[in-house]
1. Around PHE52, which amide H atoms from residues at least 5 apart in sequence, or from another chain, sit under 5 Å from its own amide H, with H modelled in the peptide plane?
2. Counting only protein heavy atoms and using a 1.4 Å probe, what share of the accessible area of the range 206-268 belongs to carbon plus sulfur, as a whole percent?
3. Determine, from the Cβ-Cβ distance of MET225 and SER146 and an R0 of 25 Å, the FRET efficiency 1/(1 + (r/R0)^6), rounded to the nearest 0.05.
4. Report, ordered by chain and residue number, the lysines lying within cross-link reach of LYS196, taken as a straight Cα distance under 30 Å and ignoring same-chain residues fewer than 8 apart.
5. Between [x] 127; [y] 148; [z] 192, which matches volume of the Cα convex hull per residue in Å³ calculated for the structure shown?
6. Taking a 1.4 Å probe, which of HIS98, HIS44, HIS233 shows the most accessible area, and what order do the others take after it?
7. Give the lysines whose C-alpha is closer than 22 Å to that of LYS36, dropping any in the same chain fewer than 8 places away, or say none.
8. Return the calculated 222 nm mean residue ellipticity for the chain, to the nearest 500 deg cm²/dmol, obtained by summing -39500 (n - 2.57) across DSSP H runs with n ≥ 4 and dividing by the residue count.
Amino acid sequence: MAFKAAVLGLGNIGRFAVESLEIAPDFDCIGVVRRKESLGKAPHELRGVPEFSSMEELVRDRGKPDAVLICSPSRQVPDTAAALLEQGFNTVDSFDIHDRIVETVDRLDTAAKAGQTVSVTAAGWDPGTDSMLRALFEAMVPVGTSFTNFGRGRSMGHSVAARAVSGVADATAITIPMGGGRHSRLVYVTLQPGAKFDDVHAAIKADPYFAHDPLDVREVTAEEMPFVADASHGVLLERLGASGRTSNQHLTFDMRINNPALTAQVLVAAARAAARMAEIRHFGCYTLIDIAPVRLLPGERRDLLRRLV
């Protein structure tokens with residue numbers, strides 16, 4: 001029997017989440033919840049999935065989902081997820097504000113236990129699957145140094161943060177790796193009428209998403225924006241150190257991906273884990289490093305052990 005999933009939001013990640021659920025062998029996407037003013041727009045991106053203006057409306061029409069994939073900006077996730085969890089919905093999200101993850105886990109854990117539900121938060125590729133790899137790297141090389149080098153590519157979280165700045169009509173934030181886990185940010189902006197570039201630059205620099213990295217902000221026209229808004233991204237993870245008393249161990253993981261497509265695929269895997277954990281009443285909030293990898297994959301455990309172990 002397939003798990004039933006609902007998608008909350010049809011932005012960059014939501015569109016790919018619908019696609020990923022469509023090809024998942026054990027999921028049925030029963031609906032997409034969108035803002036009321038967005039209903040009826042971009043029907044091709046719904047891929048035949050019905051749309052609703054509220055979760056209550058979706059449940060009345062299609063029944064209760066086994067998991068809700070929250071595909072909204074990170075700053076909205078804690079409030080949205082906590083409310084859904086308390087109402088009895090299992091949720092997954094790709095919350096990506098690293099220095100707020102622990103407090104978010106604590107908050108969502110309380111909400112999930114109150115609603116007897118499961119939350120999997122920070123379940124994108126970073127934080128998310130990269131977090132799992134960093135944990136494995138430390139298990140393999142306990143003493144050493146790890147570096148996470150992002151890009152070059154578009155950061156969805158940084159782009160959303162830049163678009164929220166007063167005076168910005170549109171924005172794309174590009175992450176540029178500098179080595180050793182350091183990055184610079186290149187932000188392309190289209191300004192609203194009357195906005196001053198210097199004010200926008202200062203506001204972006206002051207935002208916590210950008211405050212700690214070298215920053216270059218450039219103004220482009222609305223016609224130019226699609227040509228710099230490439231969805232590609234990537235990461236190079238490295239760990240240097242020792243296994244036992246043996247030094248010079250060097251681990252690497254390198255990938256180049258479409259950012260929202262991979263994020264959506266990880267959300268689907270996390271939704272599978274959330275639904276399975278809810279079935280055995282393991283209520284609470286988890287991140288991917290808390291979850292056994294076998295829970296993320298479709299299929300039976302013994303078959304997965306035979307194929308992967």
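The values are calculated or read from the model by the stated rules, or taken from the named source; none is laboratory data. Keep in mind it's a predicted model, so treat the numbers as computed, not measured. With ideal geometry, Cβ positions are generated from the backbone for all residues, glycine too; neighbour counts draw on all protein chains shown. The area values use the complete protein model at the heavy-atom level, side chains included, leaving out ligands, DNA and RNA. Shrake-Rupley method; radii C 1.70, N 1.55, O 1.52, S 1.80 Å.
1. VAL32, VAL33, ARG34
2. Summing carbon and sulfur atoms, their accessible area is 52 percent of the total for the range 206-268.
3. 0.10
4. Those lysines meeting the cut-off are LYS205.
5. [y]
6. HIS44, HIS98, HIS233
7. Within the straight-line cut-off, LYS36 pairs with LYS64.
8. -10500 deg cm²/dmol
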